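Here's the structure, in structure tokens; my notes come after.
The values are calculated or read from the model by the stated rules, or taken from the named source; none is laboratory data. Keep in mind that what you see is a predicted model, and the values were worked out from it rather than measured. Glycine gets a Cβ as well: all are built from the backbone with ideal geometry, and neighbour counts include every protein chain shown.
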Amino acid sequence: MNNSIINIDPEILGGTPVFSGTRVPIKNLFDYLETGESIETFIDEFEGVSREQVIKVLEISGGLLFYSIQ
């Protein structure tokens, strides 16, 4: 199994960061959450994206935010 969470490939959506193994942009997750949708709704809407991938992306983004404000 590929342990990579995010894939950036110029051949996939012009290099837009996507969930590995899919063509689902990471930005879609944040768009869903911003409108009040749940993680479960996002996962239901985008087959191929696992709960573990979503949680890991949120952990990574939280870490980036934490370090950028210090």
Quick check on my filter: what residues within segment 31-47 are surrounded by 13 or more Cβ atoms within 10 Å (Cβ to Cβ) and assigned to a loop (DSSP other than H, G, I, E, B)? Glu37, Phe46
When Asn28 is evaluated against the numbered criteria (1) without any contact (Cβ under 8 Å) to a residue 12 or more places away in the chain; (2) in a helix (DSSP H, G or I), which criterion, by number, is the only one it fails? (1)
Is there any pair with a first residue in segment 11-25 that is over 20 Å from Arg51 (Cα atoms) and a second that is of a type in the set (A, V, I, L, M, F, W, C) and in a loop (DSSP other than H, G, I, E, B) whose Cβ atoms are under 8 Å apart and which are 6 or more apart or on different chains, and what are they? Gly15/Ile8; Thr16/Ile8
Cβ-Cβ distance below 7 Å, separation of 6 or more or different chains: which pairs start in segment 46-60 with a residue that is hydrophobic (A, V, I, L, M, F, W, C) and end on one that is part of a helix (DSSP H, G or I)? Phe46/Asn28; Val49/Ile43; Val54/Leu29; Val54/Ile39; Val54/Phe42; Val54/Ile43; Val57/Ile26; Val57/Leu29
Determine which single condition Ser61 fails, assuming it passes every other condition in (1) in a helix (DSSP H, G or I); (2) at pLDDT 95 or above; (3) surrounded by 13 or more Cβ atoms within 10 Å (Cβ to Cβ); (4) not aromatic (Phe, Trp, Tyr). (2)
